[in-house]
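Q: One structure is given below, represented as structure tokens, and several questions about it will come after.
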Amino acid sequence: MSYVPHVPYVPTPEKVVRKMLEIAKAGPEDIVYDLGCGDGRIIVTAAKEFHVKKAVGVEINDERIKEAIENIKRNGVEGIAHVVKGNFFEVDISEATVVTMFLLTNVNEMLMPKLQKELKPGTRIVSHEFEMRGWKPKEVVKVEDGNMTHLVYLYVIGET
């Protein structure tokens, strides 16, 4: 069993979810993976509003998985959005064309070798709030949600 990070569950505000998928230019040809998907809001939005081919949430917490599955059903995107129970350090994400995450800087850094090894050149990685130290972001966007200013980082494999 590899390292299981402790990342507090903090839901990404809807406005930030949309901006993450917008700057990744998510669309009908994309397969989106959300690492630590929580209640599934990113994969549901990717399926419902961005019409992606497939959206996969990777989550280790049973309670969050239950919430994500209910969210998928409630939004009628069962054929497109799926949840995989597991540690995102161990789950194969090689089919992803877009990877989203709201983790912590140190966890992002530990993930960097996996992302570089498994993802194809051109795959977009979008991180809410926490950067990938040592990689050059293609874009950094500020998102105001009424309460605070969020930062969204876009990285592209092969351009880091």
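Q: Among the residues of the stretch 13-31, is any in a loop (DSSP other than H, G, I, E, B), modelled with pLDDT of 95 or more, crowded, with 21+ Cβ neighbours inside 10 Å and not hydrophobic (A, V, I, L, M, F, W, C)?
A: For the stretch 13-31, residues in a loop (DSSP other than H, G, I, E, B), modelled with pLDDT of 95 or more, crowded, with 21+ Cβ neighbours inside 10 Å and not hydrophobic (A, V, I, L, M, F, W, C): present.
Q: Being under 16 Å from the mean Cα position of the chain (by Cα), on the phi < 0 side of the Ramachandran plot and not in a helix (DSSP H, G or I): is that true of residue 83 here?
A: Considered against the rule, which asks whether it is under 16 Å from the mean Cα position of the chain (by Cα), on the phi < 0 side of the Ramachandran plot and not in a helix (DSSP H, G or I), residue 83 comes out as yes.
Q: Under 9 Å between Cβ atoms, at least 6 apart or on separate chains: pull out the pairs that start in the stretch 129-149 with a residue that is at positive phi and end on any residue that is part of a loop (DSSP other than H, G, I, E, B) and aromatic (Phe, Trp, Tyr).
A: So the pair list comes out as 129/102.
Conditions tested, residue by residue: (1) closer than 18 Å to residue 143 by Cβ; (2) touching a Leu at 6+ places or on another chain (Cβ under 8 Å); (3) surrounded by 19 or more Cβ atoms within 10 Å (Cβ to Cβ).
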site: 35; (1), (2), (3): no, yes, yes
site: 57; (1), (2), (3): no, no, yes
site: 71; (1), (2), (3): no, no, yes
site: 75; (1), (2), (3): no, no, no
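Q: Could we say that residue 91 is assigned to a strand (DSSP E or B), farther than 25 Å from residue 151 by Cβ and not aromatic (Phe, Trp, Tyr) here?
A: So residue 91 fails the test.
Q: Taking residue 115 and the conditions (1) of a type in the set (A, V, I, L, M, F, W, C); (2) under 16 Å from residue 21 (Cα atoms); (3) within 16 Å of the chain's Cα centre (by Cα), which numbered condition does it fall short on, given that it satisfies the others?
A: The single condition residue 115 does not satisfy is (2).
Q: Would you confirm, using the coordinates I've provided, whether residue 66 is among the charged types (D, E, K, R) and under 18 Å from residue 22 (Cα atoms)?
A: no
Q: Something else: Based on what the data block shows, is residue 43 touching a residue at least 60 places away in the same chain (Cβ under 8 Å) and either aromatic (Phe, Trp, Tyr) or out of contact with any helix residue (DSSP H, G or I) (no Cβ under 7 Å at 6 or more places or on another chain) (or both)?
A: no
Q: When you check residue 142 against the structure, is it in a loop (DSSP other than H, G, I, E, B) and either in contact with a Phe, Trp or Tyr (Cβ under 7 Å, 6 or more places away or on another chain) or surrounded by fewer than 13 Cβ atoms within 10 Å (Cβ to Cβ) (or both), yes or no?
A: Spelling it out, it is not the case that residue 142 is in a loop (DSSP other than H, G, I, E, B) and either in contact with a Phe, Trp or Tyr (Cβ under 7 Å, 6 or more places away or on another chain) or surrounded by fewer than 13 Cβ atoms within 10 Å (Cβ to Cβ) (or both).
Q: OK, next. Do we find a residue being within 22 Å of residue 8 (Cα to Cα) and hydroxyl-bearing (Ser, Thr, Tyr) anywhere in the stretch 76-99?
A: No, that holds for no residue.
The values are calculated or read from the model by the stated rules, or taken from the named source; none is laboratory data. Remember, predicted model here, so these are calculated numbers, not experimental data. Note: ideal-geometry Cβ built from the backbone for every residue, glycine included; neighbour counts use all protein chains shown.
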